[in-house]
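Here is the structure we will look at, set down as structure tokens.
Derivation of every value follows stated rules applied to the coordinates shown; laboratory data play no part. Since this is a predicted model, take the numbers as computed values, not measurements. With ideal geometry, Cβ positions are generated from the backbone for all residues, glycine too; neighbour counts draw on all protein chains shown.
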Amino acid sequence: MELKEQFEQAAAESKNLSQKPSNETLLQLYSLYKQGSIGDVNTEPPSNPFDFVAKAKHEAWAALKGKSTDDAMTEYAELIQKLKN
């Protein structure tokens, strides 16, 4: 199966996990998904200093700057597989 197909299948499977991952894992999934589908962060940080969730998401994605989309897609698919088992 092609990497892009594995990535898309993993994204679909992420909605059907038997239990909800921890917030830390959810941030990791979010940032890997964004890096794999879009690439380096391309938005400004949230302007509301009290929007902690948006800030955490932006920082997690920004931390992956420079990681190739292929590497991010691979890591995302592997993490979903790990969470399924």
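This table checks each residue for (1) touching a residue at least 24 places away in the same chain (Cβ under 8 Å); (2) not β-branched (Val, Ile, Thr).
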{"residue": "GLY36", "(1), (2)": "yes, yes"}
{"residue": "ASP40", "(1), (2)": "yes, yes"}
{"residue": "PRO46", "(1), (2)": "no, yes"}
{"residue": "ASP51", "(1), (2)": "no, yes"}
{"residue": "ALA54", "(1), (2)": "no, yes"}
{"residue": "TRP61", "(1), (2)": "yes, yes"}
{"residue": "LEU64", "(1), (2)": "yes, yes"}
{"residue": "THR69", "(1), (2)": "yes, no"}
{"residue": "GLU78", "(1), (2)": "no, yes"}
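Among the residues of region 13-43, those identified as of a type in the set (Gly, Ala, Ser) and farther than 15 Å from LYS82 by Cα are SER31, GLY36, SER37, GLY39. Hey, does region 41-56 have a residue that's more than 20 Å from LYS4 (Cα to Cα) and under 13 Å from the mean Cα position of the chain (by Cα)? Within region 41-56, one or more residues are more than 20 Å from LYS4 (Cα to Cα) and under 13 Å from the mean Cα position of the chain (by Cα).
The set of residues in region 14-40 that are under 17 Å from LYS4 (Cα atoms) and within 10 Å of the chain's Cα centre (by Cα) comprises LEU29, TYR30, SER31, LEU32, TYR33, LYS34, GLN35, GLY36, SER37.
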